[in-house]
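Presented below is the structure to which this report refers.
What follows is calculated from the coordinates using simple rules that are stated; it is not laboratory data. Bear in mind that the values here come from a model prediction, so they are computed numbers and not experimental data. Note: ideal-geometry Cβ built from the backbone for every residue, glycine included; neighbour counts use all protein chains shown.
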Amino acid sequence: MKTEEFYTFCRLCFDRCSLKATVEDGKLLHVAADKESGLKSTPCAKGLALPEILNHPDRLQYPQKRKGTRGDGIWERISWDEALDTIAKKLQEIKRKFGPESVAFGLGDPKGLEIAFVQRLASAFGTPNVATPGHLCHIPRQLASTFTFGSACIADEEYLQGLIVIWGCNLFGTRGSYMDPRRFNSVLENGAKLIVIDPRKIEIASKANLWIKPRPGSDGALAMGLMKVIIEKGLYDHDFVARWALGFEQLKEHIKSFDLQDVERATWVPQEQIEEAAKLYASIKPATIQWGNALDHTTNSFQTSRAISILRTITGNLDIPGGEVFIAPPPVTSPGRFMLLRESPRKMVKPIGSEFK
């Protein structure tokens, strides 16, 4: 038997944890973190299960075509050429009969260029209907940040020092590469404070100075409660707000429309804990909020993320070391030029759901 080691990356999400893979006679046997890669590598349970996923006896490895009546569960193996020809033929038939917008393309986690290729296919086909995981993964937070202060932002991992808020993010459980665990633990050992906001007791909640357990889906109300305490007690960064914030007086009026009892009823978080969290967050600088996909999984995700973005703003934690830093776009061709073909413009007048806008 020939055993070899290869160095690669996990592709189950866009964190791309670096891995060391053990292969025996062409079969993947084991994967582990590649701690010598120089890159962050904290693979989660999903990445470590790659050999099991790849070698599972029920894993589909070739195209199959239904044989018999739908529901009978009878399939026959066909070639890739036959599968591709059949799909292309059926799509063209539907397009001729009902128009290109009658077809919607969907894809899962965009692990690289897959999302660009599917978008390009949809453009060439002529449909505006493409479903991606973006509406419940990252996009609501990114758009809320851009809507609030003009750009997406990330926690400044390089200079963590004051306060870290982990909000709806299972750090090191399923999203290891958000922050390097060694640096994270070192910062805590050197005196940084930690707030964890999660209804579940995730691993790092045991290290938190304050663990808040909101009712699932009530994060927006919690953010508004924190905002109310910070503003009404004068704990906000007066200089930063005076120089950079627009609409602050209107915001002060808006938070008068509810009290902390309302927030407690909505979130199941005691008023005392809301006040404690607000004072801790506003009193330590720099402070950074590492948020996660859980915030995107609610019907009010955009407004929730806007409220959290406003918290960052009024405490003056934007664009400072150890706070939130803005993301500069890389000097590369916009993926939109590849995905949205100029010669095949999408008919945006007929997207699914346009009648509800």
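Annotations for the structure displayed:
- Estimated Rh, the stretch 1-112: Kirkwood, alpha-carbon pairs, angstrom: 17.7 Å
- Once backbone amide H atoms are built at 1.01 Å from N, ILE289 has VAL165 as its partners under 5 Å, excluding neighbours fewer than 5 places away on the same chain.
- Relative to one another, the C-alpha centroids of the stretch 305-329 and the stretch 95-171 are positioned 20 Å apart.
- Counting DSSP beta bridges with both ends in the chain, the antiparallel % (nearest 5): 55 percent
- Read-out P(r) over Cα pairs in 20 Å bins from 0, in percent, derived from the coordinates shown; its label in (1) 22, 24, 8, 7, 16, 21, 3; (2) 23, 48, 26, 2; (3) 27, 51, 20, 2: (2)
- Among TYR159, TYR236, TYR7, the ranking by other beta carbons within 10 Å of each residue's beta carbon, starting with the fewest, stands as TYR7, TYR159, TYR236.
- Here the residues ILE94, ILE202, ranked from fewest to most Cβ neighbours within 10 Å of their Cβ, fall in the order ILE94, ILE202.
- Principal semi-axes in Å for the stretch 218-330 [√(5λ), Cα gyration tensor, largest first]: 21, 18, 14
- Principal-axis tilt of helix 301-314 within the chain, Cα atoms, nearest 10 degrees: 40 degrees
- Hits among lysines - C-alpha to C-alpha of LYS20 under 26 Å, sequence gap 8 or more where chains match: LYS2, LYS35, LYS40, LYS46, LYS111
- Pairs of lysines in the stretch 167-246 whose Cα atoms sit within less than 26 Å of one another amount to 8, provided the residues are eight or more positions apart or on different chains.
- Divide the volume of the convex hull around the Cα atoms of the stretch 3-55 by the residue count and you get 65 Å³ per residue.
- Degrees, to the nearest 10: 271-283 long Cα axis against longest axis of the chain: 90 degrees
- Note on LYS95: lysines with a C-alpha under 18 Å away, same-chain residues under 8 apart excluded, are LYS347, LYS350.
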